[in-house]
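A.B. asks: One structure, as structure tokens, below. Some questions next.
The values are calculated or read from the model by the stated rules, or taken from the named source; none is laboratory data. From a predicted model like this one, the values you see are computed outputs, not experimental measurements. Here the Cβ positions follow ideal geometry from the backbone for every residue, glycine too, while neighbour counts run over all protein chains shown. Surface areas here come from the heavy atoms of the whole protein model, side chains and all, with no ligands, DNA or RNA. Shrake-Rupley method; radii C 1.70, N 1.55, O 1.52, S 1.80 Å.
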Amino acid sequence: MEILSNKSIPAFQTLSVESLGKPIHIIRDKLDILISNSCNMLTYDLQNWLKSHNVTSKINIVSLHTFTANEMKKSLISTFQHQDGGRIFTYIDSTTLTRLADSFYAAKVARSSSEISNSDLRLQEKIGGIIASWLAPADMWTRCGFELAQGTGLYATIQVDFDDHQGMIHIKLDECLVKTLTQELDLQPQESMYQPFKQSLESTLVNLNVLLCKKDIPLSELLALQPNDILPVELLSSAPASIGQQHLFNGTVADNDGQLVLILNHDKESFQ
């Protein structure tokens with residue numbers, strides 16, 4: 001078993017209680033369908049830009065995402081702000097972006113390096129605007145500067161294949177945008193989650209521990225113990241019951257037709 005010191009334990013962000021109270025998995029699944037159905041439009045645009053029918057785009061993954069510091073390079077991100085709150089971040093891997101840009105701007109010579117230029121970023125912003133319009137009408141979005149996101153959002157990738165190249169478009173929705181889309185896309189559940197959650201919680205198995213005896217012996221006697229040694233013990237008059245470290249109640253051990261049973265007491269005395 002590996003034991004971590006306080007210094008070695010990684011820092012995890014607290015999951016928003018607001019997000020826990022909503023069916024974020026439903027939002028994720030419906031967003032998966034929405035982007036998947038919209039990829040045909042992106043494929044059509046890319047085919048026109050690259051003047052080739054050998055271009056395809058498809059959704060790769062949509063998952064929950066907890067934002068961390070310095071996970072995105074500020075200068076390479078295209079960010080859009082929704083008028084009702086929330087941001088979407090898009091970025092394309094450098095090799096894919098430069099190759100798309102060379103075709104889009106009809107460059108006569110393909111670049112040997114993948115260094116990103118302002119022209120490349122303008123194309124990325126154009127693609128980001130198209131993707132944002134899948135989630136809400138274009139007039140609801142405003143191009144804005146990058147700000148570090150907090151909390152739990154959604155992360156999606158779109159795989160783009162053209163010629164002999166395969167690349168990725170990365171999409172991240174912050175927590176505030178997830179809440180906005182929850183309302184605008186009507187992704188609220190039709191039924192209350194209370195009863196299913198209650199039934200699931202009530203059927204969860206737990207270990208009930210009851211201390212029946214306790215004995216104090218000198219360390220020298222403990223070290224001298226051997227297999228098959230016999231220790232005289234007595235049942236405790238008040239046996240504490242607990243789950244994990246939480247003391248629940250005390251009980252009394254009794255005989256019931258030759259079987260030991262625990263009779264629960266009404267009091268909740270702490271065991272010393």
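A.B. asks: Sort through I27, I77, I88 and tell me the only one that's among the β-branched types (V, I, T), under 22 Å from W141 (Cβ atoms) and over 18 Å from the mean Cα position of the chain (by Cα). Spell out how you get there, then give the answer.
C.D. replies: Details: I27 fails: over 18 Å from the mean Cα position of the chain (by Cα); I88 fails: over 18 Å from the mean Cα position of the chain (by Cα).
The match here is I77.
A.B. asks: Confirm whether Q199 is surrounded by 12 or more Cβ atoms within 10 Å (Cβ to Cβ), free of Cβ contacts under 8 Å to residues at least 60 places away in the same chain and either not hydrophobic (A, V, I, L, M, F, W, C) or not in a strand (DSSP E or B) (or both).
C.D. replies: no
A.B. asks: Which of (1) more than 31 Å from the chain's Cα centre (by Cα); (2) open to solvent by less than 50 Å² (accessible area, probe 1.4 Å) does L135 not meet, given it meets every other one?
C.D. replies: For L135, the exception is condition (1).
A.B. asks: Within the bounds of the stretch 86-93, is there any residue that is open to solvent by 70 Å² or more (accessible area, probe 1.4 Å) and not in a loop (DSSP other than H, G, I, E, B)? Give the steps one after another, and end with the answer.
C.D. replies: Just the residues of the stretch 86-93 that are open to solvent by 70 Å² or more (accessible area, probe 1.4 Å), to begin with: none.
Looking for residues that are open to solvent by 70 Å² or more (accessible area, probe 1.4 Å) and not in a loop (DSSP other than H, G, I, E, B), one finds none in the stretch 86-93, hence no.
A.B. asks: Taking the stretch 119-149 only, how many residues are in contact with a Phe, Trp or Tyr (Cβ under 8 Å, 6 or more places away or on another chain) and under 14 Å from G86 (Cβ atoms)? Quick ask: steps written out before the conclusion?
C.D. replies: Just the residues of the stretch 119-149 that are in contact with a Phe, Trp or Tyr (Cβ under 8 Å, 6 or more places away or on another chain), to begin with: 119, 123-124, 128-129, 132-133, 141-144, 146, 148-149.
If we keep only those that are under 14 Å from G86 (Cβ atoms) as well, we get 132, 141-142, 144, 149.
Looking only at that region, the number is 5.
A.B. asks: Do you know which residues across the stretch 94-108 are open to solvent by 50 Å² or more (accessible area, probe 1.4 Å) and over 17 Å from L46 (Cβ atoms)?
C.D. replies: K108
A.B. asks: Restricting attention to the stretch 58-74, and to residues there that are of a type in the set (A, V, I, L, M) and part of a loop (DSSP other than H, G, I, E, B), which single residue is nearest to D139 (Cα to Cα)? Working first, answer last.
C.D. replies: Step one: of the stretch 58-74, the residues of a type in the set (A, V, I, L, M) are 59, 61-62, 64, 69, 72.
With part of a loop (DSSP other than H, G, I, E, B) added as a condition, the list becomes 69, 72.
Details: A69: 30, M72: 26 Å.
Among those that are of a type in the set (A, V, I, L, M) and part of a loop (DSSP other than H, G, I, E, B), it is M72.
A.B. asks: Taking only pairs six or more apart or across chains, which ones have beta-carbon atoms under 7 Å, a first residue in the stretch 205-229 that is surrounded by 10 or more Cβ atoms within 10 Å (Cβ to Cβ), and a second residue that is of a type outside the set (A, V, I, L, M)?
C.D. replies: Listed by first residue and then by second, the contacts come to N209/S242; V210/G251; L211/P240; C213/E234.
A.B. asks: Only residues that are in contact with an Asp or Glu (Cβ under 8 Å, 6 or more places away or on another chain), within 20 Å of N40 (Cα to Cα) and either modelled with pLDDT under 90 or not in a strand (DSSP E or B) (or both): list them for the stretch 132-178, please.
C.D. replies: If the condition is that a residue be in contact with an Asp or Glu (Cβ under 8 Å, 6 or more places away or on another chain), within 20 Å of N40 (Cα to Cα) and either modelled with pLDDT under 90 or not in a strand (DSSP E or B) (or both), then A136 is the only one that fits.
A.B. asks: Condition test on T98, is it assigned to a helix (DSSP H, G or I) and among the polar types (S, T, N, Q)? Quick ask: steps written out before the conclusion?
C.D. replies: Numbers: assigned to a helix (DSSP H, G or I): yes; among the polar types (S, T, N, Q): yes.
It is true that T98 is assigned to a helix (DSSP H, G or I) and among the polar types (S, T, N, Q).
A.B. asks: Oh, and also: List pairs: first residue in the stretch 245-263 and within 17 Å of C213 (Cα to Cα), second residue in a strand (DSSP E or B) and among the charged types (D, E, K, R) anywhere in the structure, Cβ distance under 9 angstrom, at least six positions apart or on different chains.
C.D. replies: As it stands, the answer is V261/D255, since those pairs meet every condition given.
A.B. asks: Here are the criteria: (1) in contact with a Ser or Thr (Cβ under 6 Å, 6 or more places away or on another chain); (2) open to solvent by 50 Å² or more (accessible area, probe 1.4 Å); (3) closer than 27 Å to I33 by Cβ; (4) not hydroxyl-bearing (S, T, Y). Tell me which single one R111 does not satisfy.
C.D. replies: Unmet condition: (3).
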